[in-house]
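The structure under discussion appears below in the form of structure tokens.
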Amino acid sequence: MSASYIPKDVYAVCTFQTDSEPRQLIPTRETITVFYGSDTTRPLLTVEDRNINKEFPCKSPKNAMWGFLCFGAGLIVGALLVLSGPVGWAALAVGVGVLACAGAAVYHATKINHLCTESLGKGNWKIEHEKVTFDRSKAITQNSILVCDTGGLLSPIFSYAVAKKYAQQIDSNNGKEIFLNAVASFFGGAGIIIAGAEMGIAKTLLWMGVTMGVMNELSYWEREGIRNSSLEDNSHYQDMNKEVDENSRIPGYLNDVPESVTGITPSDLASPDILELNEKGGLASRDGKTPVFFNGKWYIQDWQKNLIEIKQGTALSKDLTALEGIDSREVWKTPEGKEIVENIRNGKYSESLVATAKDGLGRVRPRNLPNLARELPAIKMQNIKNIGKLGVKGGGFVGFFFPFIATCFSEDSRKILAQAMAEDFGKGINVVADES
């Protein structure tokens, strides 16, 4: 089917754009002698013409910016939940990590609106016309797709209405993808601190490295499944998958290493805090039988335990106020002291809550009640921190799947571009290519 050649100012839509407005293609080749009819202001474009009239705000740096900001915020939250007292090097390491994330976020923020020109200039047109050249360069047509250096796919669209409609859809898709990656980054940051405190940094980094490899492989097959089962009647989409942007196991951020590491972001890191650990920091289930990564039953039980302890501790703290000012040796003589001791002996409070009130043989000592009163605020704070850590664990478990959901949105943007190309086909100029 005949495809139109592309003159200057034809609209363009990109799979990485994060606003809803299409742009216009402009020439960048040095020699221009071929124009659209008698209009010398509109040259026909070639593979050497790789720019637009105004840069798109790009998904890649925006995703990285929010990823680093949220990862840094997660580091802070994780530190608040596990670090206490004189923490020395641990606090310094977290501080350095937060500053590094902030610096990376600022760097990527400066690139959001200023990445297109350079990336498009380093990109390549695919599915160009193999036989027709303008000014010694192959001509591009409605079938052509420009792959930018950052990974975005850009295609010419003649109809502004079509370009606008699909640009809005891509913008919405990319916004959702960025949000999901940001949330996953937050829980990754919090999780690495909590897990590092529980099982050591070496094991934590090993876990995260392994999960990156596993998630990359699973994402590859996810993309493969989507591409093999979608838009089978859309030739633009099929060409996109086979000739333009083939599925690959190599993560995009590795393509430019070592020349550039700016594509590496925290959004691919899974929270290591979803692991179930024993008291020694080893990977093992509580029943000592099967290692697990997340157990819903235990998770709910831990929530209940901490909430109950907070409630019990609040009530016990209130009861203990009656003993203020009383000598510890006289507590056993007071009716309030006797009642509290009896409640402890009868199991009204959890063992971890009243451990201070007991001696080495597990017997309740009334004289220890004043010490218990002084320790209850710290126990309550630890319960609150435990709940916070449980929140990170639950969020990390949910966030573990976010990158796969984000992949769906990313793949959806490719399909949207192919649909735009199909709907726009036949709306070009009267200078067409018989085959391309």
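Counting pairs of alpha carbon atoms under 8 Å apart in space and at least six apart in sequence, what relative contact order in percent does the range 296-395 give?
36 percent
Please list, ordered by chain and number, the residues whose modelled amide H lies under 5 Å from the amide H of residue 132; skip anything fewer than 5 residues away on the same chain.
Those lying under 5 Å, H to H, from residue 132 are 139.
Where does helix 89-111 land angle-wise versus the long Cα axis of the chain, in degrees 0 to 90, nearest 10?
Between the helix axis and the principal axis of the chain, the angle is about 20 degrees.
For a test of the definition: using alpha carbon positions, the gyration tensor, and the 1.5 limit on a/c, classify the range 296-395 as rounded, prolate or oblate.
Since a/c reaches 1.5 and a/b is larger than b/c, the shape of the range 296-395 is classed as prolate.
Rounded to the nearest 0.05, what FRET efficiency do residue 298 and residue 210 have when you use their Cβ-Cβ distance and R0 = 30 Å?
The computed FRET efficiency comes out at 0.85.
Pop out the ³J(HN,Hα) list for the range 339-347 in order, Karplus 6.51 cos²θ - 1.76 cosθ + 1.60 with θ = phi - 60°, rounded to Hz; leave Gly and Pro as x.
Residue by residue, the range 339-347 yields 5, 5, 4, 5, 4, 5, 5, 7, x Hz.
Which loop GluC sites (Glu not before Pro) in the range 98-141, with loop taken from DSSP, have no more than 14 other Cβ atoms within 10 angstrom of their Cβ? Can you show the working numbers first?
Values: sites: 118, 128, 130; in loops: 128, 130.
The qualifying sites are 130.
Two decimals is fine: what's Rg over Rh for the chain, C-alpha atoms, Kirkwood radius as Rh?
1.19
Once every DSSP H run of n ≥ 4 in the chain is given -39500 (n - 2.57) and the sum is divided by its residues, what mean residue ellipticity at 222 nm do you get, rounded to the nearest 500 deg cm²/dmol? Mind dumping the intermediate values first?
Values: 11 runs with 221 residues, N = 436.
Result for the chain, helices only: -17500 deg cm²/dmol.
Name the residues whose placed amide hydrogens come within less than 5 Å of the amide hydrogen of residue 52, ignoring near sequence neighbours (fewer than 5 apart) on the same chain.
26
So what's the angle, to the nearest 10 degrees on a 0 to 90 scale, between helix 160-199 and the longest Cα principal axis of the chain?
30 degrees
How high is the FRET efficiency from residue 31 to residue 220, r the C-beta distance, R0 41 Å, rounded to 0.05?
Values: r = 42 Å, r/R0 = 1.03.
Using R0 = 41 Å, I get an efficiency of 0.45.
Under a 5 Å amide H to amide H cut-off, with H placed in plane at 1.01 Å, what residues pair with residue 23 once short-range neighbours are removed?
12
If I stretch the segment between residue 242 and residue 361 completely, what's the gain in nm (0.36 nm per residue apart, minus their alpha carbon distance), one decimal?
35.5 nm
Using alpha carbons only, how many degrees (0 to 90, rounded to 10) separate the axis of helix 201-229 from the longest principal axis of the chain?
For helix 201-229, the angle is close to 40 degrees.
No lab work stands behind these numbers, since they all come straight from the coordinates. Note that this is a predicted model, so its numbers are computed, not measured. Because the Cβ atoms are built from the backbone with ideal geometry, glycine has one as well, and the counts that use them run over all protein chains shown.
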